[in-house]
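A.B. asks: Following this message is one structure expressed as structure tokens.
The values are calculated or read from the model by the stated rules, or taken from the named source; none is laboratory data. All values reported here derive from a predicted model rather than from experimental measurement. All Cβ positions, glycine included, derive from the backbone under ideal geometry; neighbour counts span all protein chains shown. When the accessible area is computed, the model is the full protein with side chains, heavy atoms only, and any ligands, DNA or RNA have been set aside. Shrake-Rupley method; radii C 1.70, N 1.55, O 1.52, S 1.80 Å.
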2 protein chains.
Amino acid sequence: MASGPMTGRGDAANVDGVTAEAPLALLCRGPDRPGLLHEVTGVILRHGGNITSIAIAERDVTAAIHLEIELPSGAPEGRERLLAELRVVSSLEDVQLVPTMLEVFGKRLIVIGGGAQVGQVAIGAVSEADRHNIRGEKISVDTIPVVGERNIAEAVRAVGRLPRAVGIVLAGSLMGGEITRAVEQVRARGIFVISLNMPGSAAAAADLIVTDPVQAGVMAVMAIAKTARFDIARQRGRRY
Amino acid sequence: MASGPMTGRGDAANVDGVTAEAPLALLCRGPDRPGLLHEVTGVILRHGGNITSIAIAERDVTAAIHLEIELPSGAPEGRERLLAELRVVSSLEDVQLVPTMLEVFGKRLIVIGGGAQVGQVAIGAVSEADRHNIRGEKISVDTIPVVGERNIAEAVRAVGRLPRAVGIVLAGSLMGGEITRAVEQVRARGIFVISLNMPGSAAAAADLIVTDPVQAGVMAVMAIAKTARFDIARQRGRRY
């Protein structure tokens, strides 16, 4: 079994930005053409900025790039100078200040598996996330109902490439083989995995096995929430 | 009321990549420092590549950048040359071929609002997505239970900056003011909005009002699925 930090990237520098100094978040619009991103990253680099998050939101005639940037000084003049210089990049039509994705959607729990169980896990997870979000946290619950060993394994592995994803619930009736290896890989990257009680080797590779899907969703969100006293590291290997 | 194309970015070039020639998807790992992204985008630009999706998945000692790239020729040699050149960028430790996020998670429906209703909409949406995903589609259902006019409006607006998001369900009991303006803005960008039947002006600004939350989730996924005969443009302004 892999043994990454159990609360995963929830504790990493890039997802604690809500309480610490938030990065500068920008939405840049310009023509959708090769080179736009390279020009924008060049301007940011000249200001010593470190890009902590980036996404291309729209691609039609124009492209919209969402950027989150840590600036070295933290001084407001640094932000103003960067903004001013981006606004004169010839190919950018518009540069707007926006909230960071962590501020808006927060940390993400990903539920993967069969429709019936995914829906029940979502019920528990959404209800528990609501209880924490109402007290100022931000936790999103994302789901993908998908069948087949390869599809599920790809989805599990891809969670390691999703921004702000910190945990997975495996919600199915039979998972093993390639899925088990994918579980080990994402756990090694610090993503926690809770599995429903099911046949196959994937459940035993998870941090924790929970039989009731609503309970599994609730526990997964408790493992993410700062306002919950639930340490998944202390639950490792248990079955409920 | 805004009147963007109702099936939204579901029809745009960047989300039809599953059936058309899929872009080249890469996971690049290197030290987390300013300039890495600029170097990588520079190599891609020299190959005439257009970056269609980008995300920073991990940031610890190393950073992992997920990139999706359209190359001009489409010839396999172009891909091989780009890969070879990226693999010798001094600061990249690893360059791996991975599936695209569209191939793995597909198009995204975002459910925003109060926990009780969000959970019920998710039940309907996940169950319906399962029916289509089992026939080869990929539709994800993402949720954020969140309270307060400003938080909800920010979440609605931010959907316009989320990769692969094509529709929203407003799942609450009272939404208006700033939320209504956010609904108009995202609809103008081609994102469709279905609202539960609730007090406040936001519902009337949506494409469609649906009273039952399970039905709202099902209809939202039908509006996204290629295998469903449901055209939300023909439903505009209706209440169920």
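A.B. asks: What accessible surface, in Å², does a 1.4 Å probe find on residue B:53, ignoring ligands, DNA and RNA and rounding to the nearest 10?
C.D. replies: The accessible area of residue B:53 comes to roughly 30 Å².
A.B. asks: What translational diffusion coefficient, to the nearest whole µm²/s, does region A:16-115 have by Stokes-Einstein, given a Kirkwood radius computed over alpha-carbon pairs, a temperature of 25 °C and 0.890 mPa s viscosity?
C.D. replies: Using the Kirkwood radius from Cα pairs, D works out to 169 µm²/s.
A.B. asks: Determine the relative contact order of chain A: mean sequence separation of Cα pairs under 8 Å and six or more apart, normalised by residue count, in whole percent.
C.D. replies: Relative contact order, chain A: 22 percent.
A.B. asks: Using a 1.4 Å probe over the heavy atoms of the protein chains, calculate the carbon and sulfur portion of the accessible area of region A:129-182 as a whole percent.
C.D. replies: Its accessible area is 49 percent carbon and sulfur atoms.
A.B. asks: Provide the per residue accessible area, probe 1.4 Å, for the protein assembly as shown, rounded to a whole number of square angstrom.
C.D. replies: Per-residue accessible area for the protein assembly as shown comes out at 37 Å².
A.B. asks: If the viscosity is 1.306 mPa s and the temperature 10 °C, what Stokes-Einstein diffusion coefficient in µm²/s follows for the protein assembly as shown when Rh is the Kirkwood radius over Cα pairs?
C.D. replies: 71
A.B. asks: A further question follows. Determine the shielding of peptide A:128-135 by partner chains: average, over its residues, the number of Cβ atoms on other chains within 10 angstrom of each Cβ.
C.D. replies: For this peptide, the per-residue mean of nearby foreign Cβ atoms is 5.
A.B. asks: Here's another thing I want to ask about it. Please build a GNM for chain A, connecting alpha carbons under 10 Å apart, and tell me which residue among A:191, A:139, A:65 fluctuates the most.
C.D. replies: Between A:191, A:139, A:65, it is A:65 that shows the largest mean-square fluctuation.
A.B. asks: What is region A:70-147 by shape, rounded, prolate or oblate, if you read a ≥ b ≥ c off the alpha carbon gyration tensor as root eigenvalues and call it rounded for a/c under 1.5, prolate for a/b larger than b/c, and oblate otherwise?
C.D. replies: Cα axes put region A:70-147 in the prolate bin.
A.B. asks: Need one number: buried accessible surface between chains B and A, 1.4 Å probe, both sides summed, DNA, RNA and ligands left out, in Å² to 100.
C.D. replies: Interface area, both chains combined: 5700 Å², rounded to the nearest 100.
A.B. asks: Continuing with this model, one more query. Helix A:36-46 versus the longest principal axis of chain A: what angle, 0 to 90°, nearest 10, using Cα atoms?
C.D. replies: 80
A.B. asks: Return the long-range amide H neighbours of residue B:111 (sequence gap of 5 or more, or a different chain), with a cut-off of under 5 Å between placed amide H atoms.
C.D. replies: B:142, B:143, B:144, B:169
A.B. asks: Right, another one. Kindly provide the Kirkwood hydrodynamic radius of region A:128-239 in Å, to one decimal, from all pairs of distinct alpha carbon atoms.
C.D. replies: Hydrodynamic radius (Kirkwood, Cα pairs) of region A:128-239 is 14.1 Å.
A.B. asks: How many Cβ atoms of partner chains, on average, are near each residue of A:25-35 if near means within 10 Å of its Cβ?
C.D. replies: Per residue, the average neighbour count from other chains is 3.
A.B. asks: Another one. Which percent of Cα pairs goes in each bin when the distances of chain A are cut into 5 angstrom slices starting at zero?
C.D. replies: Cα pair-distance distribution for chain A, in percent: 1, 7, 14, 16, 15, 12, 11, 10, 8, 5, 2, 0.
A.B. asks: Same structure again: Quick one: pull the percent of accessible area on region B:29-95 belonging to carbon and sulfur, 1.4 Å probe, ligands and nucleic acids left out.
C.D. replies: Solvent-exposed carbon and sulfur of region B:29-95 make up 52 percent of the total.
A.B. asks: Quick one: 3J(HN,Hα) in Hz for region B:81-88, Karplus 6.51/-1.76/1.60 with θ = phi - 60°, rounded, Gly and Pro as x.
C.D. replies: 5, 4, 4, 4, 5, 5, 5, 9
A.B. asks: Which value, in nm² and rounded to one decimal, describes the direction-averaged projected area of the C-alpha convex hull of region B:101-193?
C.D. replies: Mean orientational projected area (region B:101-193, Cα hull): 5.6 nm².
A.B. asks: Here's a follow-up. Could you list the square roots of 5 times each eigenvalue of the Cα gyration tensor of region A:38-94, that is, the equivalent ellipsoid semi-axes, sorted largest first and rounded to whole Å?
C.D. replies: 21, 13, 9
A.B. asks: Could you work out the mean count of beta carbons from other protein chains within 10 Å of each residue's beta carbon in B:157-166?
C.D. replies: For peptide B:157-166, the averaged partner shielding equals 5.
A.B. asks: Distances in nm, one decimal, shortest first, from residue A:136 to the same residue in every other copy, taking the label point 7 angstrom along Cα→Cβ.
C.D. replies: With the label placed 7 Å along Cα→Cβ, residue A:136 yields 5.1 nm.
A.B. asks: Let me ask something additional. If I take R0 = 60 Å and measure r between the Cβ atoms of residue A:61 and residue A:233 in this structure, what FRET efficiency does the formula 1/(1 + (r/R0)^6) give, to the nearest 0.05?
C.D. replies: 0.75
A.B. asks: Something else about it: Roughly how many Å² of residue A:105 are accessible to a 1.4 Å probe, to the nearest 10?
C.D. replies: Surface open to solvent at residue A:105 totals about 10 Å².
A.B. asks: I've got another one for you. Name the residue, out of B:142, B:32, B:60, whose mean-square fluctuation peaks in a Gaussian network model built on chain B with Cα pairs under 10 Å.
C.D. replies: Sorting by GNM fluctuation, first place goes to B:60.
A.B. asks: What's the local net charge at residue A:235, with K and R +1, D and E -1, over the other residues with C-beta under 13 Å away?
C.D. replies: +3
A.B. asks: Give the separation of the Cα centroids, region B:133-182 to region A:200-218, in Å.
C.D. replies: If we compute the Cα centre of each part, the gap is 28 Å.
A.B. asks: Once you list every other residue whose beta carbon is under 11 Å from the beta carbon of residue A:205, what net charge do they have if Lys and Arg are +1 and Asp and Glu are -1?
C.D. replies: In short, 0.
A.B. asks: While we're on this one: Using a Gaussian network model on chain B with a 10 Å cutoff between Cα atoms, which of B:119, B:176, B:35 fluctuates the most?
C.D. replies: B:35
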